[in-house]
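All remarks here apply to the structure that follows.
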Amino acid sequence: MAGMILADFGAEVLRIQPPQDGPLDSLNAAPMWARGKKDLTLDLAGQGGRKVLRELIACADVLITNWRPSVLRRWSLDPVTLQAEFDHLIYCQVSGFGGKGALSELPGYEHVVAAYAGRMMLFQGLTDRAGPVFSSLQVGVHVATQAAISGILAARLEQLNTGKGRLVETSILQGMLSYEMGGLIARQFAESYEALLPYMAATPEPPPASLYYHPVQAGDGRWMQFGNLLPHLFDAFLIATDLVDILADPDYEPKQLLFSDPEKHEVFRDRMLLRLQERPAEDWMADFIADGGVVVATYQTTQEALTDPDIVANGHVVNGPGGVQLGPLAKLTETPAVIGDTAVEADDCVARWLAFPRASRAMGQLQDKPLNGVRILDLSTIIAAPIGVSLLADMGADVVKVEQV
């Protein structure tokens, strides 16, 4: 997916394919992953194929791989060897568990990582048996994709200034931990999250239901999903549903959005669910949209989502090779993404690359971090944007975070 997104925004992506089809080529998403790319078939089991690959690496700005470290070392394609030979190269390695350690040789499959990292145990109690619950949504893969792109672009910015490349490493495990940061922070600073800790205890019992993040059935049988994770959002929900009286209850914890008395918590939750069954979903949604401060959406199928007016209007889905699919990662007004056809044969691409190798052109020393000197003003409030900015800060950007008083 990282290569797909870079291709969407104009990078010339040459995909090296084995002589035989791989197990992922038959997946429905395969044509989308290949869009905008050019394919070259090489038999890397032989010296001839690896020789051509090294010649192409000399001509590339970026190399992306998810091969196991032992294979890379055996074929002298590991980052240490290649960057010693091609100091201009940005080498991006995406793995399951990281490039070092006992688990570095395991294949990078999301569900193996989720089981090892404890993510599946987090859902314990959601079924009528003890033990882990299968986590089907591949959240780690998507974050690892974003991390790889962020690292590549930061390294590319520095490469343009210095002529030198960097090693960019990320993993599915690293991406998955982004979703667990709330719990990890709460356990480290227990004195600040005392009311929340009982709800995080590992137990085979069903976890206590939250008041702010849950599915609810309206009076017409349709389901709505709420996600009012911040106090001001939940306050807006309480006002819109005429349940605001709980704010005066001394047992209500406004920062944690729960009742310190578990019995009271469940009594209010029942009241809240019954209140939302008094009207059809369409009527509730009209009120919530008019309010503008309630985070909610009605449930729909994936097929329905592909034609949802808001999703279509924002370009989140497009018509591309293989049918309707994910749109570009972001909307750039001056240099918009262009969704290309599914992968085509490299044709003249290889000859053109080989005619103009990227010679060493070091113009300066690498900085401590690639984004040193970049200044960012951060006005964001919740999850996606703050995490994105934190990635930029990790890479050296000078970030000023503005908080509301």
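Key figures for this structure:
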read-out: Cβ pairs under 6 Å, 6+ apart, first in region 260-286 and over 20 Å from Ala236 (Cβ atoms), second surrounded by fewer than 16 Cβ atoms within 10 Å (Cβ to Cβ) and of a type in the set (A, V, I, L, M); value: Ser260/Ala195
read-out: Selected residue (only one of Tyr109, Tyr91 is surrounded by 20 or more Cβ atoms within 10 Å (Cβ to Cβ), hydroxyl-bearing (Ser, Thr, Tyr) and either closer than 24 Å to Thr145 by Cβ or at pLDDT 95 or above (or both)); value: Tyr91
read-out: Residue within region 336-345 that is polar (S, T, N, Q) and surrounded by fewer than 16 Cβ atoms within 10 Å (Cβ to Cβ) present; value: no
read-out: Residue ID - modelled with the highest pLDDT, chosen from residues in region 199-227 that are in contact with a Leu (Cβ under 7 Å, 6 or more places away or on another chain) and not small (Gly, Ala, Ser); value: Val216
read-out: Single match in Val312, Val324, Val267, Val244 (criterion: within 27 Å of Trp33 (Cα to Cα), surrounded by fewer than 17 Cβ atoms within 10 Å (Cβ to Cβ), of a type outside the set (S, T, N, Q) and at pLDDT 90 or above); value: Val312
read-out: Val295 of a type outside the set (Lys, Arg) and closer than 24 Å to Gln404 by Cα; value: yes
read-out: Test for Pro357: is it more than 25 Å from Tyr179 (Cα to Cα), out of contact with any Gly (no Cβ under 9 Å at 6 or more places or on another chain) and in contact (Cβ under 8 Å) with a residue 24 or more places away in the chain; value: yes
read-out: Region 18-38, residues that are polar (S, T, N, Q) and surrounded by 15 or more Cβ atoms within 10 Å (Cβ to Cβ); value: none
read-out: Among (1) surrounded by 13 or more Cβ atoms within 10 Å (Cβ to Cβ); (2) over 27 Å from the mean Cα position of the chain (by Cα); (3) free of Cβ contacts under 8 Å to residues at least 12 places away in the same chain, the one test that Ser390 misses; value: (2)
read-out: Leu366 among the aliphatic types (A, V, I, L, M) and either part of a helix (DSSP H, G or I) or touching a residue at least 40 places away in the same chain (Cβ under 8 Å) (or both); value: yes
read-out: Some residue of region 30-51 being over 23 Å from Val344 (Cβ atoms) and touching a residue at least 24 places away in the same chain (Cβ under 8 Å); value: yes
read-out: Residues located in region 376-401, provided they are under 17 Å from His232 (Cα atoms) and modelled with pLDDT of 85 or more; value: Leu379, Ser380
read-out: Hits in region 39-48 - residues which are surrounded by 17 or more Cβ atoms within 10 Å (Cβ to Cβ) and more than 21 Å from Gly10 (Cα to Cα); value: Leu42, Leu44
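The values are calculated or read from the model by the stated rules, or taken from the named source; none is laboratory data. All figures in this text were calculated on a predicted structure; none of them were measured in a lab. Ideal geometry is used to build each Cβ from the backbone, glycine not excepted, and the neighbour counts take in all protein chains shown.
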